[in-house]
1. Please give the number of the condition Asp253 fails out of (1) within 20 Å of Ile152 (Cβ to Cβ); (2) in contact with a helix residue (DSSP H, G or I) (Cβ under 8 Å, 6 or more places away or on another chain).
2. Output the residues belonging to segment 112-129 that are modelled with pLDDT of 95 or more and either within 16 Å of ligand 4 (Cβ to nearest atom) or assigned to a helix (DSSP H, G or I) (or both).
3. Could you tell me whether any residue of segment 39-48 is among the hydrophobic types (A, V, I, L, M, F, W, C) and under 21 Å from Pro109 (Cβ atoms)?
4. Counting just the residues of segment 177-191 that are buried (at least 16 other Cβ atoms within 10 Å of the Cβ) and aliphatic (A, V, I, L, M), which one comes out nearest to ligand 1 (Cβ to nearest atom)?
5. List pairs: first residue in segment 165-189 and in a loop (DSSP other than H, G, I, E, B) and of a type in the set (A, V, I, L, M), second residue within 16 Å of ligand 4 (Cβ to nearest atom) and modelled with pLDDT of 95 or more anywhere in the structure, Cβ distance under 8 angstrom, at least six positions apart or on different chains.
6. With the structure loaded, tell me whether Ser132 is surrounded by fewer than 15 Cβ atoms within 10 Å (Cβ to Cβ) and either touching a helix residue (DSSP H, G or I) at 6+ places or on another chain (Cβ under 8 Å) or among the hydrophobic types (A, V, I, L, M, F, W, C) (or both) or whether it fails that test.
7. Are any residues in segment 56-80 out of contact with any His (no Cβ under 6 Å at 6 or more places or on another chain) and more than 15 Å from ligand 4 (Cβ to nearest atom), and if so, which ones?
8. What tally of residues in segment 202-252 results from selecting those that are of a type in the set (Val, Ile, Thr), within 19 Å of Ile46 (Cβ to Cβ) and either without any contact (Cβ under 8 Å) to a residue 40 or more places away in the chain or within 14 Å of ligand 1 (Cβ to nearest atom) (or both)?
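The values are calculated or read from the model by the stated rules, or taken from the named source; none is laboratory data. This is a predicted model, so every value here is computed, not measured. Counting neighbours? That spans all protein chains shown, and the Cβs are built from the backbone with ideal geometry, glycine included.
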Amino acid sequence: AKERGKAQSIAFEDEMRVWPVTPLDLDSDLRRALERDEMRLHYQPIIDMRSGKLAGFEALMRWYHAERGEISPVEFIPVAEETGSIFTLSQWALRTAATQITEWNKARPATEQLEISVNLSGRQFARPDAVSGIIDCLDGVGLPANLLKIEITESTLMEDVDRSTEMLDRLKAADIKICVDDFGTGYSSLSYLHTFPIDTLKIDKSFIQDMTSNYQNLEIVRTITMLGQNLRLDVIAEGVETSEQLAQLRALDCHYAQGFLFSRPIGADQVAAFLAEDKSW
Ligand code: C2E
Ligand code: CA
Ligand code: CA
Ligand code: CA
């Protein structure tokens, strides 16, 4: 029994040597992920609830690790931020997303051009060349600037208000749209809403998900929607999963919605089929 115990513990240790996911470990793999063709972008539809039609997509990174399988962006984005891989990855993501949306838009009438939303992490936003990098990419791909929306979290924006103001002003001057991501979850003051040139507030899914059973969350969603209307900002509800939530958001006249009810984030190859269906809600 003692021998078997030892054998088992060796097997266990062997496994442990292969599997612990330490940030350092992930980082060396992250650096090779693009050249190994392990990265993909998925696209999640954003629906205009007034017309019931597709308005655009949010691009979301996916990592299919050769040995470990799919690793969530919740896990690898912080590592990429920490170690700096985020710069290469984001450049790739922006170029890929801009190229894709340009391709999909070619088949659509001028009045139905789709927007693409791309997430910008805090570390990138802190780079002085962040805005020029984005503009260079748009120019290279030929995507009109007003079809690109940059999503930045509220907490990133509040880290350095002066710098954020400068960066956002430059994005705005280039006609790029700005969306405050995870709105309502950060520690912030609402006063920035009239100093920053913002186009869109995205209500975090934590508020949407139990709004039909949690009265407080419903009131938060109602308040953000009204705030958006009063300040002439677009509002997107994220994480819409049920038709009850959809009905409630429509009753509040929330303009845009995104969530599994409409579609999960899907690969580029599935987007073609999605577009061909031309669904409305
Ligand atoms: P996020 O920007 O808040 O993105 C929304 C997340 O909610 C996505 O998770 C999306 O798949 C998920 N989601 C959308 N609708 C629903 C729904 O109805 N129900 C539920 N349960 N979830 C829904 P994902 O793709 O795992 O991304 C997680 C986070 O990773 C993102 O949160 C974002 O912060 C980060 N991320 C993903 N891609 C990128 C990227 O390209 N760049 C940067 N900087 N961050 C990224
Ligand atoms: Ca986002
Ligand atoms: Ca969110
Ligand atoms: Ca987020």
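1. Of the numbered conditions (1) within 20 Å of Ile152 (Cβ to Cβ); (2) in contact with a helix residue (DSSP H, G or I) (Cβ under 8 Å, 6 or more places away or on another chain), the odd one out for Asp253 is (1).
2. Just the residues of segment 112-129 that are modelled with pLDDT of 95 or more, to begin with: 112-120.
Those that are modelled with pLDDT of 95 or more and either within 16 Å of ligand 4 (Cβ to nearest atom) or assigned to a helix (DSSP H, G or I) (or both): Glu112, Ser117, Val118, Asn119, Leu120.
3. Filtering segment 39-48 down to residues among the hydrophobic types (A, V, I, L, M, F, W, C) leaves 39, 41, 46-47.
Keeping just the survivors that are under 21 Å from Pro109 (Cβ atoms) gives 46-47.
Within segment 39-48, one or more residues are among the hydrophobic types (A, V, I, L, M, F, W, C) and under 21 Å from Pro109 (Cβ atoms).
4. Step by step, filter segment 177-191, then rank; the result is Val180.
5. Ile176/Lys149; Ile176/Ile150
6. Details: surrounded by fewer than 15 Cβ atoms within 10 Å (Cβ to Cβ): yes; either touching a helix residue (DSSP H, G or I) at 6+ places or on another chain (Cβ under 8 Å) or among the hydrophobic types (A, V, I, L, M, F, W, C) (or both): no.
No; evaluated as a whole, the condition is false for this residue.
7. To start, the set of residues in segment 56-80 that are out of contact with any His (no Cβ under 6 Å at 6 or more places or on another chain) comprises 56-59, 61, 63-70, 72-80.
Hits for segment 56-80 are Gly56, Phe57, Trp63, Tyr64, His65, Ala66, Glu67, Arg68, Gly69, Glu70, Val79.
8. Step one: list which residues in segment 202-252 are of a type in the set (Val, Ile, Thr), which gives 203, 208, 212, 220-221, 223-225, 235-236, 240, 242.
So of that shortlist, the ones also within 19 Å of Ile46 (Cβ to Cβ) come out as 203, 208, 221, 224-225, 235-236, 240, 242.
Next cut, either without any contact (Cβ under 8 Å) to a residue 40 or more places away in the chain or within 14 Å of ligand 1 (Cβ to nearest atom) (or both) only: 203, 208, 221, 225, 235-236, 240, 242.
So the answer is 8.
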